[in-house]
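Trainee: For reference, the structure I am asking about is given below.
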Amino acid sequence: MKDLPPGLPPADSRKWHGRRWWDPLGYLRVRSLANPHWSRDMPWLIARLRRERSAALPADRDLYDEAIAAAQGYARTRRQTPEAERAWDRLLAPIDELLTRRQTRHLDAVREARAGQDDARS
């Protein structure tokens, strides 16, 4: 299974207490999708990805489409095989790219807010 993308707090991090509200996909990634014991409920996951896609930035919708297609492919794969694990990693790749983009936008917004506060103090 693919490692978590850089910058994403691990599942046991206290950062998820507040972050899970603005990054529910990241929370899902670290708590469920990274857990090898999760049931891998593809109909539920596909529905969730479709819901998130409808509210996503236009620039991110292609990655949601890729993740949905990969989830559909995974659902057709026999479990407990090497191909199933490769299919799972193909599902995680677009999700991880979405999370990397989200993390970058978040850090940019934090920097901009800090710069605005510094300008206001000057």
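The values are calculated or read from the model by the stated rules, or taken from the named source; none is laboratory data. The shown structure was predicted, so the numbers you read here are calculated from the model rather than taken from an experiment. Because the Cβ atoms are built from the backbone with ideal geometry, glycine has one as well, and the counts that use them run over all protein chains shown.
Trainee: Does Pro24 satisfy being surrounded by fewer than 12 Cβ atoms within 10 Å (Cβ to Cβ), at pLDDT 90 or above, out of contact with any strand residue (DSSP E or B) (no Cβ under 8 Å at 6 or more places or on another chain) and not aliphatic (A, V, I, L, M)? Outline the logic, then answer.
Mentor: Numbers: surrounded by fewer than 12 Cβ atoms within 10 Å (Cβ to Cβ): no; at pLDDT 90 or above: yes; out of contact with any strand residue (DSSP E or B) (no Cβ under 8 Å at 6 or more places or on another chain): yes; not aliphatic (A, V, I, L, M): yes.
Spelling it out, it is not the case that Pro24 is surrounded by fewer than 12 Cβ atoms within 10 Å (Cβ to Cβ), at pLDDT 90 or above, out of contact with any strand residue (DSSP E or B) (no Cβ under 8 Å at 6 or more places or on another chain) and not aliphatic (A, V, I, L, M).
Trainee: Also: Which of the numbered conditions does Leu8 fail, given that it passes all the others? Conditions: (1) part of a helix (DSSP H, G or I); (2) buried (at least 16 other Cβ atoms within 10 Å of the Cβ); (3) not basic (Lys, Arg).
Mentor: With (1) part of a helix (DSSP H, G or I); (2) buried (at least 16 other Cβ atoms within 10 Å of the Cβ); (3) not basic (Lys, Arg) applied to Leu8, the lone miss is (1).
Trainee: Here's a check for you: in the range 67-93, which residue that is farther than 13 Å from Met42 by Cβ and touching a residue at least 40 places away in the same chain (Cβ under 8 Å) is surrounded by the most Cβ atoms within 10 Å (Cβ to Cβ)?
Mentor: Here the residue is Leu92.
Per-residue answers, yes or no, for (1) under 27 Å from Arg76 (Cβ atoms); (2) under 11 Å from the mean Cα position of the chain (by Cα); (3) β-branched (Val, Ile, Thr):
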position: Pro5; (1), (2), (3): yes, yes, no
position: Trp16; (1), (2), (3): no, no, no
position: Asp23; (1), (2), (3): no, yes, no
position: Arg29; (1), (2), (3): yes, yes, no
position: Ser39; (1), (2), (3): yes, no, no
